[in-house]
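Below you'll find the structure, written out as structure tokens, and then a few comments.
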């Protein structure tokens, strides 16, 4: 089984080794390469490449004053392990713009607004040279806290000898990915849980939305916000009106890709999760590229 799993590359090779840099930013260890595999029949098979800065990318991040650079900052949607790294959203933007810009993708699964603004603030010198900064966000996910908290325990766990041994037994990775151990986990969970009838208290949605808005204002107060070149990227259909109204009031720029998704005649998401498929990434890239093209044309006037 181990030979067959390795021969047909049925196991998920997503980079597991992490590190926390000098600014407490959690990243992926540079130099890791391989393939992200989903499903027992390789429903998705995509190559990844972790650059020297710790992100899945086809290029290194080398901003300078004599180039036009675009930064994409976000969670797993920007990280893009379900798409070949050489055909990522960033690469698509470059192709649409005739390779006249460089796109840097600062994507990491789990990043939220606190992480994103912290990254921009920590690497000020780098981001001062970048012309356009797009922050991908989801209102209901990304505004739950006002400060970062790096997970040192998780990072250390992935470097233990036991974890490394499990990592290199590919048949175990494959079995886990297809849910072979889910039944055992369910039994263990039932045995260890005390009250099976426990129900989480109902959440006051309006109160929660107001809390998210306060968190956002607190983050901006802590890290600052460059209104000129920072643009929020989101699906307007899924973004709270409170946030939209606040952006309009404060003069924060935002870019909506939801309209192009709504007009699409084919699915824009993968069938087994909600990440963008190739069409979805092309549409997002087109929306961003058109914005950059329009802005550059205005500068030239």
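Derivation of every value follows stated rules applied to the coordinates shown; laboratory data play no part. These figures come from a predicted structure and were not determined experimentally. Because the Cβ atoms are built from the backbone with ideal geometry, glycine has one as well, and the counts that use them run over all protein chains shown.
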(request) Could you work out how far apart the two model spin labels at residue 4 and residue 278 are, taking each label as a point 7 Å from the Cα in the direction of the beta carbon, and quote it in nm? (result) 2.9 nm
(message) Taking 0.36 nm per residue of sequence separation and subtracting the Cα-Cα distance, how much length would be gained by fully extending the chain between residue 225 and residue 163, in nm to one decimal?
(response) 18.3 nm
(message) For the chain, what does the helix formula give at 222 nm: sum of -39500 (n - 2.57) over DSSP H segments with n ≥ 4, over the residue count, nearest 500 deg cm²/dmol?
(response) -12000 deg cm²/dmol
(request) Write down the radius of gyration of the stretch 190-301 and its Dmax, each obtained from C-alpha positions, in Å. (result) 19.4, 69
(message) Calculate the FRET efficiency for residue 259 and residue 62 from the Cβ-Cβ distance with a Förster distance of 30 Å, rounded to the nearest 0.05.
(response) 0.35
(request) Please sort 83-93, 226-236 by packing, taking for each peptide the average over its residues of neighbouring beta carbons within 10 angstrom, highest first. (result) 83-93, 226-236
(request) Obtain the nm distance between the two label points defined at residue 156 and residue 298 by a simple spin-label model: each point lies 7 Å from its Cα along the Cα-to-C-beta direction. (result) 5.0 nm
(message) Within the stretch 12-40, name every residue whose backbone N is under 14 Å away from a label modeled 7 Å from Cα of residue 178 along the Cβ vector.
(response) 12, 38-40
(request) Apply the Kirkwood formula to the stretch 83-127: the hydrodynamic radius equals the inverse of the mean of 1/r over all pairs of different alpha-carbon atoms; give it in Å with one decimal. (result) 12.1 Å
(request) Quick one: order 281, 274 by neighbouring beta-carbon count within 10 Å, fewest to most. (result) 274, 281
(request) Could you compute the FRET efficiency for residue 95 and residue 191, with r as their C-beta to C-beta distance and R0 at 45 Å, rounded to 0.05? (result) 0.25
(message) Once the convex hull of the alpha carbons of the stretch 27-77 is built, what does its volume come to per residue, in cubic angstrom?
(response) 102 Å³
(request) Sort 20-30, 143-153, 52-62 for me by packing, meaning the mean count of neighbouring Cβ atoms within 10 Å per residue, highest on top. (result) 52-62, 20-30, 143-153
(message) Once you order the gyration tensor axes a ≥ b ≥ c over the Cα atoms, which shape class does the stretch 1-158 get: rounded for a/c under 1.5, otherwise prolate or oblate by comparing a/b with b/c?
(response) oblate
(message) Cut-off is 10 Å between beta-carbons; in what order do 115, 273 appear when sorted fewest neighbours first?
(response) 273, 115
(message) So if I take the alpha carbon set of the chain, get Rg, then get Rh from the Kirkwood formula, what is the Rg over Rh ratio?
(response) 0.98
